[in-house]
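Visitor: Below is the structure I would like to discuss, written out as structure tokens.
The values are calculated or read from the model by the stated rules, or taken from the named source; none is laboratory data. The model shown is predicted, which means the values in this text are computed figures rather than measured ones. When we count neighbours, we look across all protein chains shown, and the Cβ atoms used for this are built from the backbone with ideal geometry, even at glycine.
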């Protein structure tokens, strides 16, 4: 019963389809000769209707030439075909025509599937619908049609479709069933490409934030002479060496902090019996830091001298906060190592577990080459030359072994509390044996390291916060490599959420672009704060780095290493990982392998190890500098291979 | 766990019936049940019966089923053990060879049948049934923006909750955002402690962090307890101990458990001993390299020479599905015990110390006297050993 029904219906449908398919075949075969040229012409015309749809969609004016051309083609090729009717009708029915033009342009796939019919859809809608029907209704019909015997009298629906398809593809030029000539395919491809160009011009929604397309590298070269170079300096040293006080003094003397603020701090500090901490409070701003008299996190401040502009990163000296210190050192061009010269204090910082050594090694392994040693608290030693020379001698020796070149190391006697020899020269005769530069003068001789500004952008997020009412999502950090401009689309690796740069501030001043070495605040749009994490790496959306789950690293061991759990630090990034395999130890001189698969790596040796990340993949790539820590000690520093 | 019945033949085959009482017993069961063993336990099975007229009805039937184990799966978070296998003994509802998933339940007997009960397996049974008082501790390790809340039992370390909060850094002129989010961070930890740690049953709750965070957290917890009038926390006040550690990652537990403050309180617990043993191994590695060896090949050679003072083995090695491999480690353990001079410690692979040992390939030894070049005999054999290590990980 059922099958009978189906077959009747199917027979009806088949008959209808056959008629249509024949129509198509008829229409197609004479058109075959010109099908390609039609395609070409259509594809050339493509941008026209698209433009018109965007600007004045209902208008018919600009379409007329397009349609008349089409008409021409159709008339030329199929004078008798019923297909003509809709075409001739179109001018009199303005309604459906723009609708057809508003349709999304066909994809490459659709194009190759339907060939000419899709093209025609842009000019002659009805014809498209018909042939579409023919195509889609074939499958169910076919089954029933086989049952109906008369189906075999005529070419099967499949044949009809194949014929229609091959014709529309221009195959019939060389005859049915033959492969299309290469020249034909090429011209079709050309047509498709031309179409695609039209597509892309339409696709992107009008961007909210226009990208000015600045040639940042050229701009940077131009502005070089006008700008004062900005240099980042990290202040390091053993806990209580007076780093924050020294920097507080420097900021005060350079006029960054006003007299009133200092007076206020002095009063408050005296109240809790810590009057000598007043200057450090310029940098130590949280309640915890002030109450305990210890810097916990990096404090960032900037000052300017007639010759240069500097950003201070005041690092904590306490060994528990070395992760924060690493975050600061990763952003630095050069380092100021502060040493407490008072009796016993220098030695405390300089012994095996002291931070003087650890910090110096850390900044060196993170690529800092220039170091200024500020021998602090010399006022307590009555500006004793012998003490200064003793420290200088011991420190130079150590710094040389740590890998600093002698010409990149300088020593400045000073006192943070009194301010002598920091910004201003000491009173006459106070340091009779010293005639060298003050700390600030010495800073001015240090030049920032040149950075690769042409390469793809890399910037580690140092902070994520709400930048104000108009800028709900702001990130800050230092651009490590590359450049960025307003309107750029960026991505925070290891996430895959994209954001647009709405505004850039370089050293707290709005700018259109920024390059490697700049300390920037980026105001972002189209992203939520949750997607951005401190320690993520910002990349251009088109050249993101691929986060790693496992990697090989060449490391310099500071402590004995076995396969073990470690913390991986890179700037602000702090993740847990495991050394899975000791691959080899290397010769320090020429880098050749001294032992494969060592059982353990002794302190001071160079080695290659495999590291697996415990949690989510980390934004690291070849050449990323990492620091490995375990049990509160820096066990190694190295480079991702 | 209670031992109900033990029936072992001369050739080592036999069955053991056990009665689990607490979630940790599932961990022991996990260490006992191997692929190929038989397991008899109570099960619920949906039985479909068809009447003469063709209509079907299904009902849930409680029964005891014996399966040949094909898969063992332990969920440390929930403390559940899922085993999967084919039914071995037929009954009126289930045919032989039908698949069944047995979830072991607390307070219900189960019987394990093995073709070979080795000394290590029997050791696990003995240890599991040790009625000594169990010391459980809670631990919170944290650093700015990251906190891990863990529960440490005699044989397991379970990470109950990991908290990650984005904390804006201090910036010139504005520290309010920082301080506000720190408060929120503490609050999240406090709520999570209440939810995830059975404070009343714990011996100690360790708060560990670098710097002053742990102290601040402790202050916050007590202040909050007073504010909300939380009696359990207030009475447990002496249980909260702050310890110093260098990071907030879970592996900082190693550092926490070896700190003097903890050792003083928990010296006799198994995990404290394990931590100490691992620590002395690493110390030996640094001071006298030739007396500390790790890796199966190397340790095996040391055992041959009768040099092993302390053998550290992770119990993950005995969970291997390869009979041969399991035998190898069992014989290592037995050899050391037989030598009389050596001590054997089987570390739980889900304690931090066990994780550390697994990183070394699961087996390590401290020697009585220095031995050199245990690793340098045949290059090929060594690569074999390396591969096995990787499988075990």
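Visitor: Taking segment A:486-519 on its own, how many of its residues are within 14 Å of chain B (Cβ to nearest Cβ), under 22 Å from residue B:167 (Cα atoms), out of contact with any helix residue (DSSP H, G or I) (no Cβ under 6 Å at 6 or more places or on another chain) and touching a residue at least 24 places away in the same chain (Cβ under 8 Å)? Even if it seems obvious, please write down each step before you answer.
Guide: Looking only at segment A:486-519, we keep the residues that are within 14 Å of chain B (Cβ to nearest Cβ), and these are A:492, A:494-495, A:505, A:507-508, A:519.
Now narrow it down to the ones that are under 22 Å from residue B:167 (Cα atoms): A:492, A:494-495, A:505, A:508, A:519.
Add one more test, that the residue is out of contact with any helix residue (DSSP H, G or I) (no Cβ under 6 Å at 6 or more places or on another chain), and what stays is A:492, A:494, A:505, A:508, A:519.
Remaining after also requiring touching a residue at least 24 places away in the same chain (Cβ under 8 Å): A:492, A:494, A:508, A:519.
Final tally of qualifying residues: 4.
Visitor: Here is a follow-up. Among (1) more than 33 Å from the chain's Cα centre (by Cα); (2) modelled with pLDDT of 85 or more; (3) on the phi < 0 side of the Ramachandran plot, there is one condition residue A:351 misses while meeting the rest; what is its number?
Guide: Evaluating residue A:351 over (1) more than 33 Å from the chain's Cα centre (by Cα); (2) modelled with pLDDT of 85 or more; (3) on the phi < 0 side of the Ramachandran plot leaves (2) as the failure.
Visitor: Okay, moving on. Condition (residue is assigned by TED's automatic domain parsing to the domain that holds residue A:317, farther than 30 Å from residue A:306 by Cβ and touching a helix residue (DSSP H, G or I) at 6+ places or on another chain (Cβ under 6 Å)) applied to segment A:393-413: is it met by at least one residue?
Guide: yes
Visitor: A further question on this structure: Just checking, which of A:326, A:296 is within 14 Å of another protein chain (Cβ to nearest Cβ) and in a helix (DSSP H, G or I)? Before the answer, list the steps.
Guide: Values: A:296 fails: in a helix (DSSP H, G or I).
Checking each option against the conditions leaves just A:326.
Visitor: If you don't mind, another one. Only one of (1) surrounded by fewer than 22 Cβ atoms within 10 Å (Cβ to Cβ); (2) within 10 Å of chain B (Cβ to nearest Cβ); (3) within 31 Å of the chain's Cα centre (by Cα) is not met by residue A:603, so which one is it?
Guide: (3)
Visitor: Just the residues that are more than 9 Å from every other protein chain (Cβ to nearest Cβ) and within 28 Å of the chain's Cα centre (by Cα), please, taken from segment A:303-323.
Guide: Result: A:309, A:310, A:311, A:312, A:313, A:314, A:315.
Here's the yes/no breakdown for (1) surrounded by fewer than 20 Cβ atoms within 10 Å (Cβ to Cβ); (2) out of contact with any helix residue (DSSP H, G or I) (no Cβ under 7 Å at 6 or more places or on another chain); (3) within 16 Å of residue B:247 (Cα to Cα); (4) free of Cβ contacts under 8 Å to residues at least 60 places away in the same chain:
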| site | (1), (2), (3), (4) |
| --- | --- |
| B:149 | no, no, yes, yes |
| B:155 | no, no, no, no |
| B:161 | yes, no, no, yes |
| B:165 | yes, no, yes, yes |
| B:178 | no, yes, no, yes |
| B:188 | yes, yes, no, yes |
| B:197 | no, yes, no, yes |
| B:208 | no, no, yes, no |
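Visitor: Determine, yes or no, whether residue A:285 is free of Cβ contacts under 8 Å to residues at least 24 places away in the same chain and within 14 Å of chain B (Cβ to nearest Cβ).
Guide: Values: free of Cβ contacts under 8 Å to residues at least 24 places away in the same chain: yes; within 14 Å of chain B (Cβ to nearest Cβ): yes.
Yes; evaluated as a whole, the condition is true for this residue.
Visitor: Now, a different point. Can you give me the number of residues within segment A:472-485 that are within 14 Å of another protein chain (Cβ to nearest Cβ) and surrounded by fewer than 20 Cβ atoms within 10 Å (Cβ to Cβ)? Steps first, please.
Guide: Filtering segment A:472-485 down to residues within 14 Å of another protein chain (Cβ to nearest Cβ) leaves A:472-478.
If we keep only those that are surrounded by fewer than 20 Cβ atoms within 10 Å (Cβ to Cβ) as well, we get A:472.
Result for segment A:472-485: 1.
Visitor: So in segment A:546-557, with the set limited to residues that are surrounded by 19 or more Cβ atoms within 10 Å (Cβ to Cβ) and away from chain B (no Cβ under 14 Å), which one is nearest to the chain's Cα centre (by Cα)?
Guide: A:548
Visitor: While we're here: Within 14 Å of chain A (Cβ to nearest Cβ) and surrounded by fewer than 22 Cβ atoms within 10 Å (Cβ to Cβ): does that describe residue B:244?
Guide: On the way: within 14 Å of chain A (Cβ to nearest Cβ): yes; surrounded by fewer than 22 Cβ atoms within 10 Å (Cβ to Cβ): yes.
Judged against the criteria, residue B:244 is a match.
Visitor: Next question, about the same structure. Give me a count of the residues in segment B:135-147 that are within 14 Å of chain A (Cβ to nearest Cβ) and buried (at least 22 other Cβ atoms within 10 Å of the Cβ). If you could, list the steps in order and put the result at the bottom.
Guide: Applying the first criterion (within 14 Å of chain A (Cβ to nearest Cβ)) to segment B:135-147 yields B:141-147.
When the remaining residues are screened for being buried (at least 22 other Cβ atoms within 10 Å of the Cβ), the result is B:141-144, B:147.
Matching residues across segment B:135-147 total 5.
Visitor: Of all residues in segment A:372-382, count the ones that are in contact (Cβ under 8 Å) with a residue 12 or more places away in the chain and surrounded by fewer than 23 Cβ atoms within 10 Å (Cβ to Cβ). Break it down stepwise before answering.
Guide: Of all residues in segment A:372-382, those in contact (Cβ under 8 Å) with a residue 12 or more places away in the chain come to A:372-381.
Still in the running and surrounded by fewer than 23 Cβ atoms within 10 Å (Cβ to Cβ): A:372, A:379-381.
Going through segment A:372-382 one residue at a time, the tally reaches 4.
Visitor: Here's a follow-up. Select from segment A:609-639 the residues that are away from every other protein chain (no Cβ under 13 Å), closer than 28 Å to residue B:375 by Cβ and surrounded by fewer than 21 Cβ atoms within 10 Å (Cβ to Cβ) and list them in ascending order.
Guide: A:639
Visitor: Let me ask something additional. Would you call residue A:234 touching a helix residue (DSSP H, G or I) at 6+ places or on another chain (Cβ under 8 Å) and assigned to a strand (DSSP E or B)? Explain how you work it out, then say what you get.
Guide: Details: touching a helix residue (DSSP H, G or I) at 6+ places or on another chain (Cβ under 8 Å): yes; assigned to a strand (DSSP E or B): yes.
When the stated conditions are applied, residue A:234 passes them.
Visitor: Something else about it: Any idea which of A:543, A:560, A:576 is surrounded by fewer than 21 Cβ atoms within 10 Å (Cβ to Cβ), within 30 Å of residue A:466 (Cα to Cα) and in contact with a helix residue (DSSP H, G or I) (Cβ under 7 Å, 6 or more places away or on another chain)?
Guide: Numbers: A:543 fails: in contact with a helix residue (DSSP H, G or I) (Cβ under 7 Å, 6 or more places away or on another chain); A:560 fails: within 30 Å of residue A:466 (Cα to Cα).
When all the criteria are applied, what remains is A:576.
Visitor: May I pose another question? Looking only at segment B:283-302, count every residue that is at the interface with chain A (Cβ under 10 Å from one of its Cβ atoms) and either crowded, with 19+ Cβ neighbours inside 10 Å or modelled with pLDDT of 90 or more (or both) and tell me the total.
Guide: Counting residues in segment B:283-302 that are at the interface with chain A (Cβ under 10 Å from one of its Cβ atoms) and either crowded, with 19+ Cβ neighbours inside 10 Å or modelled with pLDDT of 90 or more (or both) gives 6.
Visitor: Okay, next question. Can you tell me which of (1) under 24 Å from the mean Cα position of the chain (by Cα); (2) touching a residue at least 60 places away in the same chain (Cβ under 8 Å); (3) within 13 Å of another protein chain (Cβ to nearest Cβ) is the one residue A:530 doesn't meet?
Guide: (2)
Visitor: Okay, moving on. Just checking, how many residues over segment B:153-209 are within 12 Å of another protein chain (Cβ to nearest Cβ) and in a helix (DSSP H, G or I)?
Guide: Within segment B:153-209, residues that are within 12 Å of another protein chain (Cβ to nearest Cβ) and in a helix (DSSP H, G or I) number 8.
Visitor: Give me the residue from segment B:210-235 that is in contact with a strand residue (DSSP E or B) (Cβ under 9 Å, 6 or more places away or on another chain) and not in a helix (DSSP H, G or I) and, out of that set, surrounded by the fewest Cβ atoms within 10 Å (Cβ to Cβ).
Guide: Residues of segment B:210-235 that are in contact with a strand residue (DSSP E or B) (Cβ under 9 Å, 6 or more places away or on another chain), as a first pass: B:210-211, B:213-218, B:221-222, B:233.
With not in a helix (DSSP H, G or I) added as a condition, the list becomes B:210-211.
On the way: B:210: 25, B:211: 22.
Among residues in segment B:210-235 that are in contact with a strand residue (DSSP E or B) (Cβ under 9 Å, 6 or more places away or on another chain) and not in a helix (DSSP H, G or I), the one surrounded by the fewest Cβ atoms within 10 Å (Cβ to Cβ) is B:211.
Visitor: Now, a different point. Do we find a residue being touching a strand residue (DSSP E or B) at 6+ places or on another chain (Cβ under 6 Å) and within 14 Å of chain B (Cβ to nearest Cβ) anywhere in segment A:452-461?
Guide: Checked against the condition, which is being touching a strand residue (DSSP E or B) at 6+ places or on another chain (Cβ under 6 Å) and within 14 Å of chain B (Cβ to nearest Cβ), segment A:452-461 yields at least one hit.
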